[in-house]
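Undergrad: The structure that follows is given in the form of structure tokens.
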Amino acid sequence: MSAVLDRNIEALIRKKADDIRKQSQESRIAAAISAFAGSMTFVYLHIVIFGTWILVNLGWLPFIPPFDPTFVALAMIASVEAIFISTFVMINQNRMAALEDKRSELSLQISLLAEHETTRLISMVEAISRHLDAPAAVTDHELEDLKKNMPPEQILAEIEKKQDRD
């Protein structure tokens, strides 16, 4: 593996660990609850608890007397649990969306930097090609287009203009 790739991977791992360390206690709790609620352990636990509750209250386990024969308490507990779980999941999704926004911004910055560097490289290769009197693989018009630095604002404005037409 190249040293640059290794360095980049290490930087990403450190950044992720730093982001986790900076999370609030509430965010960590919400993430842990969301992770547990999205696991098969959670499903199995509910099968056992709700299954037992139903069997007891249907009177199918004679050694335990029914305590919720109308299942009103079970419905209420399940409803309250669903409210809390959905809230924890939304908190976790909001956190993940914020992280994705950061990654998108980083990706955009890297793309803009790469575009700028590529534009410079094209100019350098063109100068070398002219110096060596080597034929160009593209037309002069195409080359001039490739050498243009495109400001992101101009690209975004063009995208919005084309989207408005559709």
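Undergrad: Only residues that are touching a residue at least 24 places away in the same chain (Cβ under 8 Å) and among the β-branched types (Val, Ile, Thr): list them for the stretch 30-86, please.
TA: Scanning the stretch 30-86 gives Ile33, Ile85.
Undergrad: Let me ask something else. Tell me, yes or no, whether the stretch 50-69 has at least one residue that is of a type in the set (Ser, Thr, Tyr), within 27 Å of Met96 (Cβ to Cβ) and part of a helix (DSSP H, G or I).
TA: Scanning the stretch 50-69 turns up no residue that is of a type in the set (Ser, Thr, Tyr), within 27 Å of Met96 (Cβ to Cβ) and part of a helix (DSSP H, G or I).
Undergrad: Right, something else. Those residues that are small (Gly, Ala, Ser) and either under 19 Å from Ala31 (Cα atoms) or modelled with pLDDT of 95 or more (or both), I need them from the stretch 62-117; list them, please. Break it down into steps so the answer makes sense when it comes.
TA: Pass one, the stretch 62-117, residues small (Gly, Ala, Ser): 73, 75, 78-79, 82, 86, 97-98, 104, 107, 111, 114.
Within the stretch 62-117, Ala73, Ala75, Ala78, Ser79, Ala82, Ser86, Ala97, Ala98 meet the criteria.
Undergrad: Ile91 fails exactly one of the following numbered conditions: (1) surrounded by 11 or more Cβ atoms within 10 Å (Cβ to Cβ); (2) more than 30 Å from Ser34 (Cα to Cα). What is the number of that condition?
TA: Single failed check for Ile91: (2).
Undergrad: In the stretch 54-63, is there at least one residue being within 29 Å of the chain's Cα centre (by Cα) and small (Gly, Ala, Ser)? Steps first, answer last, please.
TA: Of the stretch 54-63, the ones within 29 Å of the chain's Cα centre (by Cα) are none.
Looking for residues that are within 29 Å of the chain's Cα centre (by Cα) and small (Gly, Ala, Ser), one finds none in the stretch 54-63, hence no.
Undergrad: I've got another one for you. Do you know which residues across the stretch 118-144 are surrounded by fewer than 10 Cβ atoms within 10 Å (Cβ to Cβ), assigned to a helix (DSSP H, G or I) and modelled with pLDDT under 85?
TA: Asp140, His141
Undergrad: Out of Arg28, Arg21, I need the residue that is within 21 Å of Met90 (Cα to Cα), basic (Lys, Arg) and exposed (fewer than 10 other Cβ atoms within 10 Å of the Cβ). Which one?
TA: On the way: Arg28 fails: exposed (fewer than 10 other Cβ atoms within 10 Å of the Cβ).
Just one listed residue meets the conditions, Arg21.
The values are calculated or read from the model by the stated rules, or taken from the named source; none is laboratory data. The structure presented is a predicted model; accordingly, all values stated were derived computationally and were not measured. Backbone-built Cβ (ideal geometry, glycine too); neighbour counts: all protein chains shown.
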